[in-house]
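Just below is one structure, and these are the notes that go with it.
The values are calculated or read from the model by the stated rules, or taken from the named source; none is laboratory data. Bear in mind that the values here come from a model prediction, so they are computed numbers and not experimental data. Quick reminder, even Gly has a Cβ in these numbers, built from the backbone with ideal geometry, and neighbours come from all protein chains shown. Calculation scope for accessible area: heavy atoms of the full protein, side chains included, ligands and nucleic acids excluded. Shrake-Rupley method; radii C 1.70, N 1.55, O 1.52, S 1.80 Å.
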Amino acid sequence: MKFFIDTANLNDIKEANDLGILDGVTTNPSLMAKENITGKENIIKHYKEICHIVHGPVSAEVIATDYKGIISEGEKLADLHDNIVVKVPMIPEGIKAIRYFSDHNIKTNCTLIFSAGQALLAAKAGATYVSPFIGRLDDISADGVGLIAQIRRIYNNYDYDTQILAASVRHPMHIIDCAEIGADVMTGPLKAIMQLAKHPLTDSGLEQFLADYAKGNK
Ligand code: E4P
């Protein structure tokens, strides 16, 4: 499973990248705003900086919601760097735009997916990635991980190339569950990724090893 980090924070991106396990980055307008990156020029500069740090797909989201606007914005974003993936919302105009981008070899990430039907439409339009938001589904007492499993079965039935990018990941168990199901990618915050490394027996075991070494090497 590929690991993407879901942030616009350059320090977090660098830290995950330095671990040597990072395959890509996803951002969205809210994550940009959280880092106080505002105005078209600053946002574009920020995407370029992210592409400079990480050598893998970087999702950049369009703001337009009409077909022509999505196409024009998406083409400009795609021109920024070879690794840019145009993130397009799951709306009818977005589906049409994904078909256009797919026909013009521009990679897309269909975002704000909350149902299997939406994921099916995105795959049929030729999306490179589909982003089901599992944490937000859990937040309303729905089954986020269950949706990943359902989309996996559907895509397997028809050999769709669209990659399942489990998004809105909140904790390490989301990552494990998605890996068991066979999500192609997960995107989550640095905290959830780092929590995968933690185990109390690792900490106590290491403490003991170091103490025993110190005893014998005074
Ligand atoms: C997906 O790419 C989104 O950026 C993201 O995962 C949304 O997560 P949130 O529900 O934590 O905002």
Could you please give the count of residues in region 94-111 that are assigned to a loop (DSSP other than H, G, I, E, B) and within 16 Å of the ligand (Cβ to nearest atom)? 1
Go through (1) closer than 24 Å to residue 178 by Cα; (2) surrounded by fewer than 16 Cβ atoms within 10 Å (Cβ to Cβ); (3) hydroxyl-bearing (Ser, Thr, Tyr) one by one and return the number of the condition residue 72 breaks. (1)
Can residue 192 be described as open to solvent by less than 50 Å² (accessible area, probe 1.4 Å), part of a helix (DSSP H, G or I), within 16 Å of the ligand (Cβ to nearest atom) and more than 27 Å from residue 71 (Cα to Cα)? yes
Does residue 111 fit the bill of being closer than 23 Å to residue 25 by Cβ, open to solvent by 20 Å² or more (accessible area, probe 1.4 Å) and among the β-branched types (Val, Ile, Thr)? no
When the residues of region 1-21 are filtered to those that are within 14 Å of the ligand (Cβ to nearest atom), within 13 Å of residue 192 (Cβ to Cβ) and hydrophobic (A, V, I, L, M, F, W, C), which remaining residue is most open to solvent (accessible area, probe 1.4 Å)? 3
State all residues of region 195-215 that are part of a helix (DSSP H, G or I), open to solvent by 90 Å² or more (accessible area, probe 1.4 Å) and closer than 30 Å to residue 173 by Cβ; if no residue qualifies, say none. 200, 201, 206, 207, 208, 209, 210
Residue under evaluation residue 61, criteria (1) of a type in the set (D, E, K, R); (2) open to solvent by 50 Å² or more (accessible area, probe 1.4 Å); (3) in contact with a helix residue (DSSP H, G or I) (Cβ under 9 Å, 6 or more places away or on another chain), criterion not met: (2)
In region 150-172, which residues are within 15 Å of the ligand (Cβ to nearest atom), open to solvent by 70 Å² or more (accessible area, probe 1.4 Å) and either modelled with pLDDT under 95 or in a helix (DSSP H, G or I) (or both)? none
Contacts under 6 angstrom Cβ, first residue in region 146-174 being under 17 Å from residue 111 (Cα atoms), partner basic (Lys, Arg), 6 or more apart: 168/136
Among the numbered criteria (1) touching a Lys or Arg at 6+ places or on another chain (Cβ under 7 Å); (2) more than 14 Å from the ligand (Cβ to nearest atom), which single criterion is violated by residue 24? (2)
